[in-house]
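The structure under discussion appears below in the form of structure tokens.
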Amino acid sequence: MIVRIMGEGQLDLSEADLDVLNSFDRKLEEAIESGEEEVFRAALHDLLARVREDGKPLPDDSLEPSQYILPPADASMEEVRAMLGDEGLIPEAI
């Protein structure tokens, strides 16, 4: 699956990473609901760090469609809240 981190590029992750990423996504949603900036910052950092760690970067000239788009590391809580769908940034597999 292809994941784009806005402002950074695309990374290729295996479908096996989906469950792990969903757990990070849930923590991010909980942090936004709490309204606590420090908790939100840590949760966003952890999600993006995991994607960077597990993902294989695609070349900058790659035109692969992204299955998931994540906010940049410096996104505000309101910006991320606007990006959240009913199922978070990374919807769980059916």
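Here are some notes:
- Candidate set: region 48-60, residues that are of a type outside the set (D, E, K, R) and in contact with a strand residue (DSSP E or B) (Cβ under 7 Å, 6 or more places away or on another chain); chosen: the one nearest to Leu70 (Cα to Cα): Leu48
- Within region 1-28, residues that are under 18 Å from Pro59 (Cβ atoms) reach partners that are surrounded by fewer than 17 Cβ atoms within 10 Å (Cβ to Cβ) and of a type in the set (Ser, Thr, Tyr) with beta carbons closer than 7 Å, at six or more positions or on different chains, in the pairs Ile2/Ser66; Val3/Ser66; Arg4/Ser66; Gln10/Ser62; Gln10/Ser66.
A quick yes/no check of all residues on (1) among the polar types (S, T, N, Q); (2) farther than 13 Å from Leu89 by Cα:
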| residue | (1), (2) |
| --- | --- |
| Met6 | no, no |
| Ser14 | yes, yes |
| Asn22 | yes, no |
| Ser34 | yes, yes |
| Arg50 | no, yes |
| Glu53 | no, yes |
| Pro57 | no, yes |
| Pro71 | no, no |
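- Consider region 74-94 and keep the residues that are in a loop (DSSP other than H, G, I, E, B), modelled with pLDDT under 95 and aliphatic (A, V, I, L, M). The one that is surrounded by the fewest Cβ atoms within 10 Å (Cβ to Cβ) is Ile94.
- Candidate set from region 13-70 (those that are part of a loop (DSSP other than H, G, I, E, B) and within 14 Å of the chain's Cα centre (by Cα)); member that is surrounded by the fewest Cβ atoms within 10 Å (Cβ to Cβ): Gln67
- Filtered residues of region 7-39 (kept if under 16 Å from Pro71 (Cβ atoms) and modelled with pLDDT of 95 or more): Gln10, Leu11
The values are calculated or read from the model by the stated rules, or taken from the named source; none is laboratory data. These figures come from a predicted structure and were not determined experimentally. Here the Cβ is made from the backbone with ideal geometry for all residues, glycine too, and neighbour counts use every protein chain on show.
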